[in-house]
Amino acid sequence: MNVARSVARTALRTRTYSTATTYVPPASLENVLPRRRVQLKPIPESPNFYTGRAAYYDQINGLETAIQHTRSALQKLQLLPLPSFARHSIPPGHHVWITKDGLTEMLNAPLTTSRYRRLLGLLNQLDSYRRIADVAGVGMLADRVAGVLEVFERENKEAVLARGKRKPVEFDEHGRSYTVGRRKESAARVWVIPVQKPETSTDVSTSSTTSQKAAAEDVLPQLTPTITSAMSDSPLKPITVTTTNILINNTPLSQYFPIPADRERVVRPFKIAGLVGAYNVFALVRGGGTSGQSGAVSLGIAKALSAHAPEVEPLLRRAKLMRRDPRMVERKKTGRPKARKAYTWVKR
Amino acid sequence: MSATFVLRSSRLSAEAFTSTSRSLPSVSRLGQTRGYAQKKKVAVKQHSSGFKGNKGKDPKEKGFKKEKKHGTFLTLPANQVTNTLFKPDNRVVLDLPTYSTEALTSAAVGKAMAFPMSENEAIRAYGVPKNLVVEFRVLSKPCSVVRDVTVTAIDTLDEASSKSSRDTRLVMTGPSGCGKSFLLLQAVEYAAHNKWIVMYIPRAIKMVDSSTAYTYDSRTRTYLQPNFSYEILRRFFSVNQSALQHMKSRGELVTELQSLPEGTPLSNFVQAGLSYKEDAPAVLSALMDELSRQTTHPVLLAVDDIQALYNYTAYRDPHYRALMPQHLSIPRIVLEYASGKRAFARGAVFGAESTSNTAFQMPLELSEALGIPPLRPAGPYVARSKELAEYAQGLRNFPVPAQLSVDEAASLFELWMKDNALHSGEVRGTDGELQSRPNDELFMTKYCEASGNPRAFVWKGLLSTMSSY
């Protein structure tokens, strides 16, 4: 029986199933057309088809493969496992991964939070390997891993990372910076421009005299001086000192702020930076009272100076001049006459 | 506080100003004491049986007490200040070039110079405006910085010495604290040392704020100010004694008490006014006439606070109407010379605006005559006094720059630094003591804070700063 079945199979090239059927001699099947098999199911595109979430598991597999390859590459380069001191030197990751909704759209399939989290975990792991490769200088590996990760990053990554950071101060065609400073209820708009150093008249005069002297010397023989002195006999050239002019609401600083403390507060950024006389200031300030306005102008000037002279920014930062003072007037509370003051306590 | 200083020349000598020790306990260095306004004794009241008020109470319980007026700042004499905190061993007297006519050239611009304090010095005799008093008391010597406007003012004086005073009538104007009073003082000192006859009124406000006695004179139909006239004559005499001796009067003066014929030497003329206080206003008026006629010496009439003479005065007539300045004898004289109605044959009239007293601010008529923007916007519907406008006619504006140049400010800074007056820029020396080492950063920051204004630079900047670095 087995032999016959096997002969029949080879002859007819059909699959026979081990079902209980009656025996049919081959001769009677001569006029019978071979029945086509049932339409074969199409081979699924993804090997993960039968998970029911093929798109998702494809991504997971891809990432896990990438992690595997990257890990082995780093191990070959002896970059893994890293000692603790080396691990601390790697910069922290600034990543902005695609959101759950974005990933849902990308995969075209519903996504639960726990699955999203798992994917994020793999992305973070891969990103850490990329950073190791980046710091180690393995550019090619780092670039390839970055290429893999780029698919999962948000488009507005730069914008998101730049949130909370100060916009860089821009200069106009005259070299003026425009910054804003605020304190309590005051707001100041500050324009700072570098002082134009005047052409020293002494340079011009000396150049003309030297040319005249040269013309005279052509006629007269040059005398070699016999007396030598350690210091040159010519007098020191006078230094032109430029001064900082500060105009606030189109009035000079001394007229707008009569109190010396306010004046000192406005000039303090220049003093700490050591740039008094290097820049002129024009400010428009509104709101609040005298000390609030002077604090606002001071902050505006500090921001402007750090834009004009970036090397000065750490000094101003340490002097707490770059900080917008967050103290504001505390609100009055119910049951109290003022913010903190309480009514007289009565025993009964 | 009286406007004029009583200088008891018997008590004070020139040494008092040049020595370091201020050994005169009760009289200040410049010889300023209250003059004729002596302290009055308050009569003790009888006890009444009625309302007692604060009488039984302890002085501390009495409640609010009016603060005692201390007057202008007075320095302690040096022998009373012995604590080591005041560094008695570190006292310094400034060594500066003297403010003299030969030294005042354009090369001297930006240099600090000390005023020569001789016996008959104009500063001593006439006194100086109040803020200058304090400055000269705090400094070890009365001195000033020569600015470019000083040289300009002096050149103007030189040009005016040959012309009538009608051609040179200036008023120094500028923002508060820019150096108008100092400039006027420098001009006065220059004239006094250049053989001019100088009449300097440092505080014209005292003529119009009803602080000095006034009486109505029916002959001239003006209100005379005998005490003020007397003081002016006395000081004028002490400063210009040598010049007056050689001049003789061309007209005669007859008063109730005395008569002075033609040909009297002018020094006797003035002495006559000093011997009888009631005659002082008449003598002063006649003296001004004599000075206008003579051509031997040019005459400088310098008035600080001149804008006070163009405002309604604080005096009242019997009907309680405010008197105008031209109704008072001495302001009338000044106004007539300032307007050119009377003029010296040779000389000039210099005035300086002052912004200290807000009761006597720059009036509209004067600001229009000078061509400077008025304090309040004034259109054609704002009333202007025709008389005051007439008295302001022909006055020229002499603007004093609001900002010191860097060189001038540097000289001023060095002046105060050398006088050991600055407390900023402290560094710890080798002995562990804090020493003040003012540096250029202090100079630059204070100059910037003051926007170049001299008073703000020195008083609000250098001397009032709370920062020690």
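Matching residues to (1) in a loop (DSSP other than H, G, I, E, B); (2) under 24 Å from the mean Cα position of the chain (by Cα); (3) under 18 Å from residue A:277 (Cβ atoms); (4) more than 14 Å from chain A (Cβ to nearest Cβ):
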| site | (1), (2), (3), (4) |
| --- | --- |
| B:408 | no, yes, yes, no |
| B:427 | no, no, no, yes |
| B:430 | yes, no, no, yes |
| B:442 | no, no, yes, no |
Checklist (1) surrounded by fewer than 21 Cβ atoms within 10 Å (Cβ to Cβ); (2) in contact (Cβ under 8 Å) with a residue 40 or more places away in the chain; (3) under 29 Å from residue B:162 (Cα atoms) applied to residue B:277, failing item: (3)
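Table: residues versus (1) under 21 Å from residue A:261 (Cβ atoms); (2) touching a residue at least 60 places away in the same chain (Cβ under 8 Å); (3) of a type in the set (D, E, K, R).
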residue	(1), (2), (3)
A:293	yes, yes, no
A:319	yes, no, no
A:329	yes, yes, no
A:335	no, no, no
A:345	no, no, no
Pick from region A:278-330, criterion among the basic types (Lys, Arg) and farther than 16 Å from residue A:268 by Cβ, ranking: nearest to the chain's Cα centre (by Cα): A:327
Filter result for residue A:129 (in a helix (DSSP H, G or I), touching a residue at least 60 places away in the same chain (Cβ under 8 Å) and hydroxyl-bearing (Ser, Thr, Tyr)): yes
Some residue of region B:211-220 being crowded, with 20+ Cβ neighbours inside 10 Å and outside any loop (DSSP other than H, G, I, E, B): no
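Condition check ((1) more than 9 Å from every other protein chain (Cβ to nearest Cβ); (2) part of a loop (DSSP other than H, G, I, E, B); (3) in contact with a helix residue (DSSP H, G or I) (Cβ under 7 Å, 6 or more places away or on another chain)) across all residues:
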{"position": "B:420", "(1), (2), (3)": "yes, yes, yes"}
{"position": "B:423", "(1), (2), (3)": "yes, yes, no"}
{"position": "B:438", "(1), (2), (3)": "yes, yes, yes"}
{"position": "B:448", "(1), (2), (3)": "no, no, yes"}
{"position": "B:460", "(1), (2), (3)": "no, no, yes"}
Scan of region B:70-108 for residues that are hydroxyl-bearing (Ser, Thr, Tyr) and assigned to a loop (DSSP other than H, G, I, E, B), ordered by number: B:72, B:75, B:82, B:99, B:100, B:101, B:105
Helices (runs of 4 or more DSSP H) completely within region A:246-323 that count 2 or more residues being surrounded by fewer than 20 Cβ atoms within 10 Å (Cβ to Cβ) and within 14 Å of chain B (Cβ to nearest Cβ): A:260-273
Wholly within region A:2-98, helices (runs of 4 or more DSSP H) carrying at least 3 residues that are of a type outside the set (S, T, N, Q) and either farther than 25 Å from residue A:141 by Cα or modelled with pLDDT of 95 or more (or both): A:2-12, A:54-76
Failed item, numbered, when residue B:87 is tested on (1) at pLDDT below 70; (2) surrounded by 11 or more Cβ atoms within 10 Å (Cβ to Cβ); (3) charged (D, E, K, R): (1)
Per-region count, region B:349-388, residues over 22 Å from residue B:402 (Cβ atoms) and acidic (Asp, Glu): 2
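Residues checked against (1) in contact with a Pro (Cβ under 8 Å, 6 or more places away or on another chain); (2) among the acidic types (Asp, Glu); (3) under 23 Å from residue B:373 (Cβ atoms); (4) within 14 Å of chain A (Cβ to nearest Cβ):
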{"position": "B:150", "(1), (2), (3), (4)": "no, no, no, no"}
{"position": "B:161", "(1), (2), (3), (4)": "yes, no, no, no"}
{"position": "B:166", "(1), (2), (3), (4)": "no, no, no, no"}
{"position": "B:173", "(1), (2), (3), (4)": "yes, no, yes, no"}
{"position": "B:187", "(1), (2), (3), (4)": "no, no, no, no"}
{"position": "B:194", "(1), (2), (3), (4)": "no, no, no, no"}
{"position": "B:203", "(1), (2), (3), (4)": "yes, no, no, no"}
{"position": "B:209", "(1), (2), (3), (4)": "no, yes, no, no"}
Test: residue A:134 is of a type in the set (Asp, Glu) and under 19 Å from residue A:155 (Cβ atoms): no
Filtered residues of region B:230-270 (kept if of a type in the set (Phe, Trp, Tyr) and within 20 Å of residue B:192 (Cα to Cα)): B:236, B:237
Residues of region B:356-370 satisfying the condition of being over 25 Å from residue B:455 (Cα atoms) and either of a type in the set (Gly, Ala, Ser) or not assigned by TED's automatic domain parsing to the domain that holds residue B:181 (or both): B:369
Filter result (of a type outside the set (Gly, Ala, Ser) and either in a strand (DSSP E or B) or surrounded by fewer than 19 Cβ atoms within 10 Å (Cβ to Cβ) (or both)) within region B:155-173: B:155, B:156, B:158, B:159, B:163, B:166, B:167, B:169, B:170, B:171, B:172, B:173
Odd one out for residue B:288, checked against (1) of a type outside the set (Asp, Glu); (2) crowded, with 23+ Cβ neighbours inside 10 Å; (3) within 24 Å of residue B:168 (Cβ to Cβ): (2)
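The values are calculated or read from the model by the stated rules, or taken from the named source; none is laboratory data. Keep in mind it's a predicted model, so treat the numbers as computed, not measured. Quick reminder, even Gly has a Cβ in these numbers, built from the backbone with ideal geometry, and neighbours come from all protein chains shown.
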